[in-house]
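Just below is one structure, and these are the notes that go with it.
The values are calculated or read from the model by the stated rules, or taken from the named source; none is laboratory data. Being a predicted model, the structure only gives us computed values, none of them experimental. Because the Cβ atoms are built from the backbone with ideal geometry, glycine has one as well, and the counts that use them run over all protein chains shown. Each accessible area value is taken on the protein alone, full model and side chains, heavy atoms only, with ligands, DNA and RNA left out. Shrake-Rupley method; radii C 1.70, N 1.55, O 1.52, S 1.80 Å.
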Amino acid sequence: MVATDLDGTLLREDGTVSGRTREALAAVSAAGAAHIIVTGRAVPWTRHILDDLGYEGLAVCGQGAQVYHAGEHRLLTSLTLDRQLAGLALAKIEGEVGPLALAVSRDGLDGDVLVGPGYRLQEGPLPTVLVDDPAELWSAPLNKVYIQHPELDDDALAQAARATVGSLVDVVMAGAGVVEILPLGLSKATGLSLAARRLGVKAADTIAFGDMPNDIPMFGWARHGVAMANAHEELKAVADEITASNEDDGIALVLEKLLGESRA
């Protein structure tokens with residue numbers, strides 16, 4: 001099985017997948033390997049990419065919270081964040097570092113991402129809903145909470161939050177400006193293991209590609225973890241291999257080599 005993260009890994013900076021990488025993934029699928037996308041994005045932010053790829057298999061979304069059947073457009077499993085516990089965790093974090101700006105990802109196939117006052121949005125086409133009343137963020141089941149600090153950078157915020165509430169919730173840094181609060185024990189590895197079980201594939205037969213610290217558990221689960229050249233240093237430190245960047249067909253380079261070795 002080939003497990004690939006999306007942003008910074010499978011996707012280039014313009015949000016597309018290169019022709020060479022598409023061909024390499026098609027070749028490994030033709031050789032009998034399953035390709036599974038494992039992303040921090042919840043299903044509503046992932047579906048259009050899967051449809052564009054013609055991807056009909058399982059996808060692990062929401063940092064492992066959701067297992068989605070792309071071919072059937074059906075959510076197979078979904079784990080939500082306890083909102084009361086999340087509120088307690090946020091209060092403790094703010095007690096240490098000061099006020100935070102928040103956004104949340106609502107559960108479900110059509111769950112909106114709600115953005116609260118002061119939260120800085122990244123440029124791009126992903127849909128969000130701006131809310132003026134912070135109470136509205138907590139009015140429906142959630143997969144995750146995004147946090148931002150006016151002064152701390154992503155690494156410092158994630159480290160401070162993890163040190164403060166690591167026994168209540170999980171805290172991950174998933175990309176530039178993206179620090180998330182998740183249910184305790186949830187990771188890409190837990191979601192990937194569920195999907196692999198459905199596919200009848202074992203960790204020992206899995207190669208995983210990623211670029212951010214939230215991919216560390218997935219690398220720990222898979223037999224072989226490949227970090228992109230553009231990856232965060234924390235992920236590179238635990239990777240079995242470092243390939244070229246997402247802009248330079250890093251996934252394709254590794255898969256083409258594996259296919260060549262299997263045919264030799």
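Checking L184, L157 one by one, the residue that is crowded, with 19+ Cβ neighbours inside 10 Å, under 27 Å from G210 (Cα atoms) and under 19 Å from the mean Cα position of the chain (by Cα) is L157 and no other. Figure legend. Inter-residue proximity from segment 65-77: first residues assigned to a strand (DSSP E or B), second residues loosely packed, with under 15 Cβ neighbours inside 10 Å and not basic (K, R), beta-carbon distance below 6 Å, spacing 6+ or different chains. Indicated pairs: V67/L76; V67/T77; H69/L76; L75/L109. Evaluated against (1) in a helix (DSSP H, G or I); (2) more than 21 Å from G40 (Cα to Cα); (3) open to solvent by less than 80 Å² (accessible area, probe 1.4 Å), K257 falls short on exactly one condition, (3). Residue count for segment 13-29 satisfying the condition of being of a type in the set (D, E, K, R) and either at pLDDT 95 or above or part of a helix (DSSP H, G or I) (or both): 3.
Taking first residues from segment 209-232 that are closer than 13 Å to T4 by Cβ and partners that are open to solvent by 30 Å² or more (accessible area, probe 1.4 Å) and polar (S, T, N, Q), the Cβ contacts under 9 Å between residues at least 6 apart in sequence or on separate chains come to D211/N230. Considering segment 78-97, and only residues there that are assigned to a loop (DSSP other than H, G, I, E, B) and under 17 Å from the mean Cα position of the chain (by Cα), the residue that is nearest to V145 (Cα to Cα) turns out to be T80.
Just so you know, in segment 122-145 the residues that are without any contact (Cβ under 8 Å) to a residue 12 or more places away in the chain and more than 15 Å from A86 (Cβ to Cβ) include one that is surrounded by the fewest Cβ atoms within 10 Å (Cβ to Cβ), and it is E123.
Among the numbered conditions (1) closer than 18 Å to Q122 by Cβ; (2) open to solvent by 30 Å² or more (accessible area, probe 1.4 Å), the only one that Q148 does not meet is (2).
Being open to solvent by 20 Å² or more (accessible area, probe 1.4 Å), acidic (D, E), out of contact with any Ser or Thr (no Cβ under 8 Å at 6 or more places or on another chain) and touching a residue at least 60 places away in the same chain (Cβ under 8 Å) is a description that applies to E247.
Can you find a residue that is farther than 17 Å from M173 by Cβ, open to solvent by 20 Å² or more (accessible area, probe 1.4 Å) and in contact with a Ser or Thr (Cβ under 8 Å, 6 or more places away or on another chain) anywhere in segment 197-209? Yes, some residue in segment 197-209 is farther than 17 Å from M173 by Cβ, open to solvent by 20 Å² or more (accessible area, probe 1.4 Å) and in contact with a Ser or Thr (Cβ under 8 Å, 6 or more places away or on another chain).
For segment 35-71, the set of residues classified as open to solvent by less than 30 Å² (accessible area, probe 1.4 Å) and on the phi > 0 side of the Ramachandran plot consists of G62, Q63, G64, listed by residue number.
Conditions (1) touching a Gly at 6+ places or on another chain (Cβ under 9 Å); (2) surrounded by fewer than 15 Cβ atoms within 10 Å (Cβ to Cβ), marked per residue:
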residue	(1), (2)
H73	no, yes
S78	yes, no
V104	yes, no
V113	no, no
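Considering segment 123-137 alone, what residues qualify as being farther than 22 Å from S78 by Cα and assigned to a loop (DSSP other than H, G, I, E, B)? Within segment 123-137, E123, G124, P125, V131, D132, D133 qualify. Being under 24 Å from R47 (Cα atoms) and open to solvent by 10 Å² or more (accessible area, probe 1.4 Å) holds for only one residue in G108, G95, and it is G108. For segment 165-181, indicate whether the set of residues that are over 17 Å from the mean Cα position of the chain (by Cα) and open to solvent by 50 Å² or more (accessible area, probe 1.4 Å) is non-empty. Yes - at least one qualifying residue is present in segment 165-181.
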